[in-house]
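Working notes for the structure below.
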Amino acid sequence: TVPPTVLPTVSPTVPSLQPTYTPLISLAPTTSPTFTNHELIHSYIGCTATKGIFFDVIAGDTAVLVTNLKLKTYWRGGTIKVRSKVGSAQGSETDSTQWEVVADTETSWQSTAPEIPSWNANGFLPQIVPANSVRGFYVSTSYFMCAESTSSDNAYKAIAQNVRPDYPFDMTMTVGRCQGLSEFSVYNYYHNIHGGIIYSDLGPTSSPSAYPTASPSLSIAPSISHAPTTEWSEITIAHAGMCISCYAGFGNQFEILALHDMKIEGLDIQMRTISSQNILVYTRSDTYSENGRHNNFDDGWTMIQNVNVAGNHPSLTSLPNFEAPITLGAGEKLSFTVALKHRPLVGFLKGTNNYNAPTDASTDDLIVYEGSSVTNYYGGNVQSAYTRSSYTYIFTGAIRYQIRNAGNSIDNPHVG
């Protein structure tokens, strides 16, 4: 009698807890089609700067697997984050609970042409769009990215289409809505993304469960919370809003009060033009609006920036970062003069005639006060600046800054 063969016991393989965004072949059906990457890229000459874009990918008669994305940045780099959701982005732009992060650079990235960003170790989590369905995408950046402005009539409608002659396949990437200066906020401007998607067609199916998607990877990935490991926070923006019907002059003078230890990286301003202009930025480390300090009779102003920048009307125009960030301690004040050298094309709003009144640009980190207009400017110094009067004007633009982690702070003097 031949004894029965004893089969060895095989322990099940424990999936690695290392997060991965690579599609797992074992999750796909045995008849899985071969994935071939294609690109749907929208590119043009020029750049409209935006903080982010919401858009849709619409599949035709075959399912689509979006495997990556290409972007062009504006002026300099920033961190890039991509989110996605089932269904259209339209109507969900301001609801953060509906979006899942699918890619993140975590560090600054820059490109002068549409290219794949340098994602972190997790890469880009592929996103499936079942046949005859839609998936929303949201790309945001800590600085600015390039886009092309278009009419609101095109919102969430086709901007590009790809029909392959060897397969009855079509899909669409749409015009999207422009993000505001903070994530999950919107402007009523509509853009084509300057870049696009990399994708594979999966065959004529409407069943997303048949193909690898986000769920298997995320279900075994550990949730890790990281405490701040750097001295400074990510760049934050104090946004004073934009004006359509603006007052216009040669520039603004205004002051800020730091409520935390911080450093000022740069400014965005409201330029009433799309042409290139010579812009100068001055600072002084006290209150400009007292004792005639709006002028430079005491040599208290220091020019920190002299640049030529093309206006981005009607949106804000982002000036380059200062050559060296301006460091402020909690409780310190800093005054700014922003001046156009040749033409009165800086926009601003009328204030409440109170130089001690905070503006809408104020945040939990800093106070931005009402200021003055610059009525003429000839260069060299700020002696041509507007003489202080009872009239105040509000800086319309943005202040880009970072907070020192675990730094000092003071109470807001305008609260309580």
Amide H of L69 versus every other amide H placed in the peptide plane: which residues, excluding those fewer than 5 positions away on the same chain, fall under 5 Å?
I198
Normalising by the residue count of the stretch 75-133, find the relative contact order in percent from Cα pairs under 8 Å and 6+ residues apart.
37
Counting only residues 5 or more apart in sequence or on a different chain, those whose built amide H sits under 5 Å from that of G266 are F322, R400
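Count the net charge of all other residues whose Cβ sits under 10 Å from the Cβ of K333, scoring Lys and Arg as +1 and Asp and Glu as -1.
So the environment of K333 carries a net charge of -2.
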Hand me the GluC sites (Glu not before Pro) from the stretch 96-149 located in a DSSP loop with no more than 14 other Cβ atoms within 10 Å, in residue order please.
E106
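Among residues other than F250 whose Cβ falls under 9 Å from its Cβ, what is the net charge (Lys/Arg +1, Asp/Glu -1)? Let's see the in-between values first.
On the way: positive: K341, R343; negative: none.
Net charge around F250: +2.
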Net charge over other residues, Cβ less than 14 angstrom from the Cβ of N278 (K, R count +1; D, E count -1):
+2
Check the straight Cα-Cα distances from K70 and name the lysines below 18 Å, setting aside those fewer than 8 residues away within the same chain.
K51, K81
If amide H atoms are built 1.01 Å from N in the plane of the peptide, which residues on other chains or at least 5 residues away come under 5 Å of the amide H of L202?
A63, V64, L65
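The numbers here are math on the coordinates, done by the rules we state, and not lab data. Keep in mind it's a predicted model, so treat the numbers as computed, not measured. Neighbour counts run over all protein chains shown; Cβ positions are idealised from the backbone, glycine included.
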